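Asks: One structure follows; several queries about it will come next.
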Amino acid sequence: MFPIEKIRSEFPILKTKVYNKPYVYFDNAATTQKPMQVIRAITDYYEKENCNIHRGMHYLSVKATEAYEESRSVVRDFINADKSSEIIFTRGTTESINLVADSFGKKFISEGDEVIISVMEHHSNFVPWQQMCLERKAKLKFIPLLEDGSLDMKAFREMITEKTRLVAVSHISNVLGTVNPMKEIIVHAHQSDIPVLIDGAQAVAHLTVDVQDLDADFYCFSGHKMYAPMGIGILYGKEKWLEELPPYQMGGEMIKDVYFDHTVFNELPFKFEAGTPNVEGVMGLRAAINYMNDLGMDKIGAWQHELLLYATSKLNEIEGIKIFGTTANKICLISFLIHNIHPYDAGLIIDKMGIAVRTGHHCAEPLMEYLNIPGTIRASFTFYNTKEEIDRLVVAIEKAKEMLF
Ligand code: PMP
């Protein structure tokens with residue numbers, strides 16, 4: 001039995017009422033709620049350890065530095081990286097991808113080169129590549145989709161040329177829920193010595209991620225989508241790539257020695273961590289990983305899958321509903337439209353029923369253009385959600401339909 005009641009009691013925000021109704025939170029793909037263990041890790045840090053790290057020789061500064069570096073090892077184990085120095089703390093997925101696009105672009109991309117992404121990418125894994133390619137006069141190519149919202153792998157294989165320098169694809173789509181065949185993509189790209197960056201923002205809270213097994217060159221994710229605070233995230237990079245890339249930002253900590261006319265940069269991972277980092281975020285991230293590990297990623301995955309099956313069958317019973325993303329291999333996230341009702345109108349009524357769903361383009365405007373729709377309503381579940389909450393969503397959708405259709 002999944003200990004759902006105990007788990008729910010650990011997330012204080014789930015006791016909130018909105019419009020006098022118990023709050024149903026189905027916007028987990030945007031950000032997850034935080035358990036007490038994570039909230040306490042942050043307050044504990046400020047109450048007992050707060051100091052700037054890597055700088056002071058005094059007692060608490062050393063303690064805070066140790067806790068920060070231990071957390072790096074916890075992240076390394078969480079994604080099974082080979083070395084802690086391959087783990088860079090960033091502000092989140094967006095900053096991780098910008099770092100690679102900027103540094104990799106400067107070093108390895110020139111006129112006429114090609115970068116491959118897919119049409120399903122979040123703007124965070126789209127705009128940095130688009131802008132870098134525009135600046136460097138390189139060509140950005142897009143893997144198309146099949147009807148069910150999976151990547152057209154045949155098209156992908158035909159896209160690689162001797163000019164391809166990098167492939168950047170999301171592990172899981174934040175709009176369709178599709179889990180992409182990353183291993184297959186990586187094996188194919190590596191046959192031509194092309195590195196692959198994975199946008200793992202939606203994956204880390206749903207799958208056990210093993211960067212060595214994937215053989216990923218870069219893997220990016222955000223803490224706030226996996227029960228940790230906002231403003232903290234990870235860039236994993238294989239040592240050989242991180243060694244080659246130039247630093248992204250300049251300042252304190254990323255230097256070894258500074259002279260009037262030049263600077264010697266610090267070793268990994270500090271070369272990419274300029275300035276005072278988000279230490280409280282790192283403490284929260286460590287607590288969130290421990291929390292997920294204690295629950296067990298297998299158990300989390302099994303409950304999330306049960307919710308997906310339940311919600312899919314219940315929503316499919318609603319007349320006039322169209323679900324976008326129908327592959328079997330998807331996470332518990334359902335994007336849909338009802339007849340020709342605009343997602344914002346439906347979202348407003350669903351909100352008034354005390355249920356938080358996301359409406360709009362979900363930071364994937366090119367995908368909306370590709371699918372020729374204005375946006376979708378997205379309900380994204382996680383392990384603290386229940387089947388009763390899904391039943392309430394069904395009632396709310398029926399109500400929206402009754403009022404708007
Ligand atoms: N990629 C995907 C697939 C996402 O879902 C998101 C967040 N919605 C991001 C990137 C960006 O993450 P962040 O805003 O935490 O940097």
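Rule-based calculations on the coordinates, nothing more; no lab input. Just so you know, these numbers come straight off a predicted model, no measurement behind them. Cβ sites come from the backbone with ideal geometry, for glycine too, and all protein chains shown count toward neighbours.
Asks: Per-residue HN-Hα couplings for the range 368-374, Karplus 6.51 cos²θ - 1.76 cosθ + 1.60 at θ = phi - 60°, whole Hz, x for Gly and Pro?
Replies: 4, 5, 4, 8, 6, 9, x
Asks: What are the membrane-span-like helices in the chain by this rule: whole DSSP H runs, Cα extent along the axis at least 20 Å, mean Kyte-Doolittle hydropathy at least 0.0? Walk me through the numbers on the way to the answer.
Replies: Details: long enough: 59-79 (31 Å, -0.25); 93-108 (21 Å, -0.11); 279-295 (24 Å, 0.43); 297-316 (28 Å, -0.20); 387-404 (26 Å, -0.18).
Helices meeting the span and hydropathy rule in the chain are 279-295.
Asks: Right, something else. What list of ³J(HN,Hα) values in whole Hz, one per residue of the range 155-169 in order, does the Karplus curve 6.51 cos²θ - 1.76 cosθ + 1.60 (θ = phi - 60°) give from phi, with Gly and Pro shown as x?
Replies: 4, 4, 4, 7, 7, 6, 10, 6, 9, 5, 10, 6, 10, 10, 9
Asks: At a Cα cut-off below 16 Å, give the aspartates and glutamates reachable from Lys387, other chains included and same-chain residues fewer than 8 away excluded.
Replies: Glu5, Asp27, Glu306, Glu317
Asks: A follow-up question, please. Name the residues whose placed amide hydrogens come within less than 5 Å of the amide hydrogen of Lys141, ignoring near sequence neighbours (fewer than 5 apart) on the same chain.
Replies: Close amide H contacts, sequence-distant or interchain: Val115, Ile116, Ile117.
Asks: Something else now. Express the C-alpha Rg of the range 146-255 as a ratio against the empirical globular expectation 2.2 N^0.38 Å, rounded to two decimals. Don't skip to the answer; put the middle values down first.
Replies: Numbers: Rg = 15.4 Å, N = 110, 2.2 N^0.38 = 13.1 Å.
Normalised by 2.2 N^0.38 Å, the Cα Rg of the range 146-255 equals 1.17.
Asks: Quote the FRET efficiency, to the nearest 0.05, computed for Tyr59 versus Gln37 with a Förster distance R0 of 35 Å and r equal to the Cβ-Cβ distance.
Replies: Working: r = 26 Å, r/R0 = 0.73.
After rounding, the FRET efficiency stands at 0.85.
Asks: In the range 381-396, whose amide N lies under 14 Å from the spot 7 Å out along Cα-to-Cβ of Ile13? List them in ranges.
Replies: Within reach of a label on Ile13, which here means backbone N under 14 Å from a point 7 Å along Cα→Cβ, the range 381-396 contributes 381-385.
Asks: Please list, short to long, the whole-number percent of alpha-carbon pairs of the chain in consecutive 10 angstrom bins beginning at zero.
Replies: P(r) over the chain, rounded to whole percents: 5, 22, 30, 25, 14, 4, 0, 0.
Asks: Still on this structure, I have one more. Need one number: nm distance between label points at Lys352 and Ser73, each 7 Å from Cα along Cα→Cβ, rounded to one decimal.
Replies: 5.6
Asks: Continuing with the same structure: Taking amide hydrogens as modeled 1.01 Å from N in the peptide plane, which residues meet the under 5 Å criterion relative to Ala203, leaving out close sequence neighbours?
Replies: Ile172
Asks: With springs only between Cα atoms under 10 Å, which of Thr312, Thr276, Thr94 fluctuates most in a Gaussian network model of the chain?
Replies: Thr276
Asks: Quick one: which residues, 5+ away or cross-chain, put their amide H under 5 Å from the amide H of Glu253? H built at 1.01 Å from N.
Replies: Gly275
Asks: Using 18 Å as the Cα-Cα cut-off, could you pick out the over-long pairs in Lys106/Lys139; Lys6/Lys330; Lys314/Lys401; Lys34/Lys225? Write out the running numbers ahead of the final one.
Replies: Working: Lys106/Lys139 15 Å; Lys6/Lys330 27 Å; Lys314/Lys401 15 Å; Lys34/Lys225 10 Å.
Long pairs (Cα-Cα over 18 Å): Lys6/Lys330.
Asks: Continuing with the same structure: If you average the sequence gap of Cα pairs under 8 Å that are 6 or more apart and divide by the length of the range 40-293, what percent do you get for the contact order? Please list the in-between numbers first.
Replies: On the way: 466 pairs, mean separation 59.4, N = 254.
Value for the range 40-293: 23 percent.
Asks: Please state the shape class of the range 10-108: rounded when a/c is under 1.5, otherwise prolate if a/b exceeds b/c and oblate if not, all from the C-alpha gyration tensor. Intermediate values should be presented prior to the final figure.
Replies: Working: a/c = 2.48, a/b = 1.29, b/c = 1.91.
Note, shape of the range 10-108 comes out oblate.
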